[in-house]
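Participant: I have a structure here, written as structure tokens, and I will follow up with some questions on it.
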Amino acid sequence: MRVTWFCAAFLVLVACEDPQQPDLQAIGLSYFPLELGSYRTYQVNSITFSLFTPTDTAEFQLKEVVADTFLTQNEPTFILHRFSRQQPQDNWTLDSVWTARKNQNHAIVVENNVPYLKMVFPIQVNKVWDGNLFNALPEDEYEITEIGGSLETPAGDFSNLLTVFEHNDPDTLIFQDIRQSVYANDVGLIYKKSSILNFCNDDPDCLGTLENGIKFEQILIEYGKQ
């Protein structure tokens, strides 16, 4: 009788245990962490080209802080305060306020009132989606090109990365649009690079000459919680 009772009690306990938690890294949710008080600081380098004005080079630091949260259709939306400064010794100045949210299906960032679909879950190599699905802009094909690899940054060495090309049109005769973002597990965005260039294509004398555009690079230099 005691053995029977013990076995029955054990089965009840097993039945009452919580179901196995999903592998957040395998799904991809851990590549897009959102936690109050967390921050990431980046070094940003930007070069703006124009046929009629001198090349403009800008170097500055950008800090993104998860500052607050509120509910949107019963799901948490996180407020991102973005600060900038020219030099490390300068005070931070509020640059903009974005929002971000995620669920089991996707992650969305609202940049200057425009929502972009940054990730779709579960993640897998060669998965493609429209990054402009939730805004009125033309369709923009995002693609996961790699899960793995490593990258050394001033904030540390990161491995098992998630690489997303937000556009990959390397044509240099007329127009080039290459935008790449790299995410680290439990950290988020650690590297971002883009090259959007327009070339002359209507005059044989200037064919292939760079008319205007921008090259942009953003790399993580510090992260944590404040």
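The values are calculated or read from the model by the stated rules, or taken from the named source; none is laboratory data. Treat the numbers as computed from the prediction; the structure is a model and nothing was measured. Every residue, glycine as well, gets a Cβ built from its backbone with ideal geometry; the counts of neighbours run over all protein chains shown.
Participant: Of the conditions (1) surrounded by fewer than 11 Cβ atoms within 10 Å (Cβ to Cβ); (2) under 23 Å from F158 (Cβ atoms), N74 fails just one. Which one is it?
Facilitator: Of everything listed in (1) surrounded by fewer than 11 Cβ atoms within 10 Å (Cβ to Cβ); (2) under 23 Å from F158 (Cβ atoms), N74 misses just condition (2).
Participant: Another question about this same structure. For segment 25-54, how many residues are touching a Phe, Trp or Tyr at 6+ places or on another chain (Cβ under 6 Å) and either at pLDDT below 95 or not small (G, A, S) (or both)? Even if it seems obvious, please write down each step before you answer.
Facilitator: Pass one, segment 25-54, residues touching a Phe, Trp or Tyr at 6+ places or on another chain (Cβ under 6 Å): 27-28, 31, 34, 40, 44, 46.
Restricting the remaining residues to those that are either at pLDDT below 95 or not small (G, A, S) (or both) gives 27, 31, 34, 40, 44.
Of the residues in that region, 5 qualify.
Participant: Determine if segment 205-215 includes at least one residue that is over 25 Å from T57 (Cβ atoms) and assigned to a strand (DSSP E or B).
Facilitator: So far as segment 205-215 goes, no, none of its residues is over 25 Å from T57 (Cβ atoms) and assigned to a strand (DSSP E or B).
Participant: Of everything in segment 181-201, what is surrounded by 17 or more Cβ atoms within 10 Å (Cβ to Cβ) and either among the basic types (K, R) or within 11 Å of the chain's Cα centre (by Cα) (or both)? Give them in sequence order.
Facilitator: Within segment 181-201, S181, V182, Y183, A184, V187, G188, L189, I190, Y191, K192 meet the criteria.
Participant: What strands (runs of 3 or more DSSP E), lying completely within segment 109-199, carry at least 1 residues that are polar (S, T, N, Q) and closer than 24 Å to I214 by Cα?
Facilitator: Answer list for segment 109-199: 141-147, 150-153, 162-169, 175-184, 188-199.
Participant: Let me ask you something else. Could you grab me the full set of residues in segment 89-113 that are in contact (Cβ under 8 Å) with a residue 40 or more places away in the chain and surrounded by 12 or more Cβ atoms within 10 Å (Cβ to Cβ)? It would help to see each step written out before you state the result.
Facilitator: As a first pass, look at segment 89-113 and keep what is in contact (Cβ under 8 Å) with a residue 40 or more places away in the chain: 100-102, 104, 107.
Answer for segment 89-113, where residues must be in contact (Cβ under 8 Å) with a residue 40 or more places away in the chain and surrounded by 12 or more Cβ atoms within 10 Å (Cβ to Cβ): A100, R101, K102, A107.
Participant: Which of the residues that make up segment 114-162 are under 23 Å from R40 (Cα atoms) and loosely packed, with under 12 Cβ neighbours inside 10 Å?
Facilitator: Hits for segment 114-162 are G148, S150, E152, P154, D157, S159.
Participant: Just for segment 163-180: of the residues that are farther than 18 Å from N198 by Cα and β-branched (V, I, T), which one is surrounded by the most Cβ atoms within 10 Å (Cβ to Cβ)?
Facilitator: Here the residue is V164.
Participant: Does L137 fit the bill of being over 30 Å from D23 (Cα atoms), modelled with pLDDT of 95 or more and either of a type outside the set (G, A, S) or within 18 Å of the chain's Cα centre (by Cα) (or both)?
Facilitator: Numbers: over 30 Å from D23 (Cα atoms): yes; modelled with pLDDT of 95 or more: yes; either of a type outside the set (G, A, S) or within 18 Å of the chain's Cα centre (by Cα) (or both): yes.
Taking the combined requirement at face value, the residue satisfies it.
Participant: Would you confirm whether any residue within segment 219-226 is buried (at least 16 other Cβ atoms within 10 Å of the Cβ), closer than 21 Å to Y142 by Cα and touching a Ser or Thr at 6+ places or on another chain (Cβ under 9 Å)?
Facilitator: Looking for residues that are buried (at least 16 other Cβ atoms within 10 Å of the Cβ), closer than 21 Å to Y142 by Cα and touching a Ser or Thr at 6+ places or on another chain (Cβ under 9 Å), one finds at least one in segment 219-226, hence yes.
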